[in-house]
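Please read the structure below before turning to the comments.
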Amino acid sequence: MQFILLGGFLGAGKTTTIARIAATYQQQGRKVGIVTNDQAADLVDTHTLRSQGFDVGEVAGACFCCNFNELTDVVANLESEQQPDVILAEPVGSCTDLAATVIQPIVRLLGEKFEVAPYGVILKPSHGLRILRDRDGGGFSPKAAYIFDKQLEEADFVIINRIDQLAKTEVDDLERLIQERHPDVPVLRTSAKSGEGFDALLEMLARKGAFGRRILDIDYDVYAEGEAELGWLNSNFHVTSESTFDLDQLLQEIVGRMKSDLAAEKAETAHLKVIGLWEGFYGVANLTSSDTPAELSLPSHCQTKEADLVVNARVAIDPQRLEQLGAAAVNAAAKSQGAVAQEKVARSLRPGRPVPTHRFAEPL
C-alpha cells in the first residue's frame, strides 16, 4: 500500500485536500482508505469524509505519534475490510515532529507493507503570512507559532493552499517567505476547493524514494506549551423545530456568532467548523482565523425540521469558556430559526504533553 501523510496547521485545508485526492484516485480505479486524527472523539472531518462516501477510520484521544499502535490498528482494519491501494492519513493540525514519530516508525517497522510518499505540509495562508512575517506570533503566542514553523521545517514539500482566495502577489510573497526559511523545500500552489494545481500535487505524491528524513531538532517543552495554549471543543447537538428551517443558514449563523463572541474575548481562532447532518444531507460551515470571514464550505441545500450538529473548535482561549460560547451560539442560532437545540455530548480540553510511542532521531 502507498502511505500518504498530509500535515499542516489547524484550518489549512487538509480534509478538503485529502477528499479531492481520494476522489481522483478512485476515478483512476484505486481503492482508498482514510485515517483522521484528533485529541477528542466526534470529528467534523470524519463525518464530512464519510458523508462523501469514503472509507474512514479514526484515531481519537491522542495524536498519531502518541497513539501509533492505534494508527496501525485502524489501518489494519481498513486493510482487512476494504483492501485499499492507498492510505491517506490526516494528523492533528497542532502536531509536528511527524517525520521522526510517524513516518520513520512506519519505514522501519512496516516497510515491507507500505511505500511511503513524500511528506507534504499544507500551509495556511491566513496565519502563514502573519507568522512568517514575524508579526507577534500571527495571533498566537510565539510558542504556538513555533509549531507552525516546525511543521514547514520537516516537510518534504510545502503546499500553499487556497490560492483561489489570494492575490498572486500574496501567493508570491508566501512562497518567498517559505523559501527564505527553508530554501531546499519544494513549494506547490494549489486550491483544494477548485482543484487548481492538483496535477502537480499528484505527481509529487507519486514520486519514489526515501522520504520523511528531515528529522527536527525540537524543544518538546516549547512544543507542549504551544499546543496547550489552544482550547479544544468537540460537541454534539440535536436541533428540532415544529416548522422547517434552513440548515445552511443555521450553520452559518452558528459560526458567525462564535466569530463575534470570540473576537470580543480577543481569542484567536485556529479553526472552527460545524457540520449539520440529516437523512443523507450534510453541510459544513467553518472559520479558519479571526480575520477571515465565516464560510459555508459545503452547502447542504436542506430544509428540515431536525438535524444533528457537530461543533469542533480550536481557539486560543480557556476550553471551558470555549464550551460556554459554543453552546450559547448554537442555542441562539437555533432560536433565531424557531428551533430548539439539545446538547448531547460536549468535551473541552487542552492537549496534554506529546509523548511519542516511537521517536527515531536518525532516518533510515
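The values are calculated or read from the model by the stated rules, or taken from the named source; none is laboratory data. All of these numbers come straight from a predicted model, not from anything done at the bench. Cβ coordinates were reconstructed from backbone atoms using ideal geometry, including for glycine residues, and neighbour counts include every protein chain displayed.
With the structure loaded, tell me whether S290 is in contact with a strand residue (DSSP E or B) (Cβ under 6 Å, 6 or more places away or on another chain) and at pLDDT below 95 or whether it fails that test.
So S290 passes the test.
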With respect to R20, is the statement that it is in contact with an Asp or Glu (Cβ under 9 Å, 6 or more places away or on another chain), assigned by TED's automatic domain parsing to the domain that holds G128 and in contact (Cβ under 8 Å) with a residue 24 or more places away in the chain true?
-> no
Those residues of the stretch 165-202 which are without any contact (Cβ under 8 Å) to a residue 60 or more places away in the chain, surrounded by 13 or more Cβ atoms within 10 Å (Cβ to Cβ) and of a type in the set (S, T, Y) amount to S191, S194
Would the stretch 95-111 turn up any residue that is more than 18 Å from the chain's Cα centre (by Cα), more than 20 Å from T357 (Cα to Cα) and part of a loop (DSSP other than H, G, I, E, B)?
-> no
Assess whether A62 counts as being outside the structural domain of G283 (by TED's automatic domain parsing) and in contact with a Leu (Cβ under 8 Å, 6 or more places away or on another chain).
-> no
Look through D217, D221, D261 and report the one residue that is closer than 21 Å to V284 by Cβ, acidic (D, E) and either at pLDDT 95 or above or assigned by TED's automatic domain parsing to the domain that holds G128 (or both).
-> D261
Scan of the stretch 7-46 for residues that are part of a helix (DSSP H, G or I) and not β-branched (V, I, T), ordered by number | K14, A19, R20, A22, A23, Y25, Q26, Q27, D45
Which residues, counting only those in the stretch 52-74, are assigned to a helix (DSSP H, G or I), under 19 Å from the mean Cα position of the chain (by Cα) and touching a residue at least 60 places away in the same chain (Cβ under 8 Å)?
-> F68
Restricting attention to the stretch 32-46, does a residue exist that is touching a residue at least 40 places away in the same chain (Cβ under 8 Å), acidic (D, E), under 22 Å from R108 (Cα atoms) and touching a strand residue (DSSP E or B) at 6+ places or on another chain (Cβ under 8 Å)?
-> no
Over the stretch 307-329, the set of residues of a type outside the set (D, E) and over 17 Å from A264 (Cα atoms) is A307, L309, V310, V311, N312
Within the group A200, A210, A228, which residue is under 22 Å from the mean Cα position of the chain (by Cα), within 24 Å of C65 (Cα to Cα) and among the hydrophobic types (A, V, I, L, M, F, W, C)?
-> A228
So T101, is it more than 30 Å from W278 (Cα to Cα), without any contact (Cβ under 8 Å) to a residue 40 or more places away in the chain and among the polar types (S, T, N, Q) = no
If you check E203, E170, which single one turns out to be within 26 Å of Y25 (Cα to Cα) and assigned to a helix (DSSP H, G or I)?
-> E203
Checked the stretch 210-221 for anything surrounded by fewer than 16 Cβ atoms within 10 Å (Cβ to Cβ) and among the β-branched types (V, I, T); matches are none
Quick one: in the stretch 188-200, which of the residues that are at pLDDT 95 or above and in a loop (DSSP other than H, G, I, E, B) is farthest from V116 (Cα to Cα)?
-> S194
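Filtering the stretch 268-289 down to residues that are of a type in the set (G, A, S) and in a strand (DSSP E or B), which residue is nearest to I254 (Cα to Cα)?
Ranking the candidates gives A285 first.
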All positions within the stretch 314-329 that are basic (K, R) and either crowded, with 22+ Cβ neighbours inside 10 Å or free of Cβ contacts under 8 Å to residues at least 40 places away in the same chain (or both) = R314
